[in-house]
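Inspection log for the structure reproduced underneath, given as structure tokens.
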Amino acid sequence: MKYSIVEINGRQFWFEIDKYYDLNFLNSELGKKVFFNHVLFLKDDEKVYIGTPFLKNVQVKANVMNHLQGSKITVYKMKSKKKFRRTIGFRQKLTRVLIEDIKVS
């Protein structure tokens, strides 16, 4: 089993080949290839590579499949004794990617 841990936009993701992942919005067109270079960790069958902080020769190749929105989050604000109440809904923009390959050069 081959997998890697990659840092994207300050968050770390565990990536496996041929699986879908929802990331924070990436400004890229549908069907385009995206490469992630900030690989922190890689396990390739029996070998383990650990970056300090990143691995220089490892690259994760992904395909942008869809742009979508996450589930709705309701934010409720209230100030006691002032009759102030506000309900706001928010949906995070997401990008769904398909991990195609993890390259070691």
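The values are calculated or read from the model by the stated rules, or taken from the named source; none is laboratory data. Everything quoted here is computed from the prediction, not taken from an experiment. Every residue, glycine among them, receives a Cβ derived from its backbone with ideal geometry; neighbour counts consider all protein chains shown. Remember, those area values only see protein heavy atoms, side chains included, never the ligands or the DNA or RNA. Shrake-Rupley method; radii C 1.70, N 1.55, O 1.52, S 1.80 Å.
Number of residues in segment 1-16 that are touching a strand residue (DSSP E or B) at 6+ places or on another chain (Cβ under 6 Å) and not in a strand (DSSP E or B): the value is 1. Within segment 60-100, the set of residues being under 30 Å from L40 (Cα atoms) and assigned to a loop (DSSP other than H, G, I, E, B) comprises G70, S71, R91, Q92.
In segment 71-91 there is no residue that is surrounded by 15 or more Cβ atoms within 10 Å (Cβ to Cβ) and hydroxyl-bearing (S, T, Y). Which residue pairs have Cβ atoms under 6 Å apart, sit 6 or more places apart or on different chains, and have a first residue in segment 12-39 that is closer than 16 Å to N66 by Cα and a second that is in a loop (DSSP other than H, G, I, E, B)? From residues that are closer than 16 Å to N66 by Cα, the pairs are N24/N9; V34/S28.
Among the residues of segment 1-16, write down those that are open to solvent by less than 70 Å² (accessible area, probe 1.4 Å) and of a type in the set (S, T, N, Q).
S4
What do you reckon, is V48 within 14 Å of S4 (Cα to Cα), in a strand (DSSP E or B) and more than 20 Å from the chain's Cα centre (by Cα)?
Taking the combined requirement at face value, the residue satisfies it.
The one condition from (1) aromatic (F, W, Y); (2) closer than 11 Å to T95 by Cβ; (3) exposed (fewer than 15 other Cβ atoms within 10 Å of the Cβ) that F35 does not meet is (2).
Scanning segment 17-32 for residues that are assigned to a strand (DSSP E or B) and surrounded by 13 or more Cβ atoms within 10 Å (Cβ to Cβ) returns Y21, D22, L23, N24.
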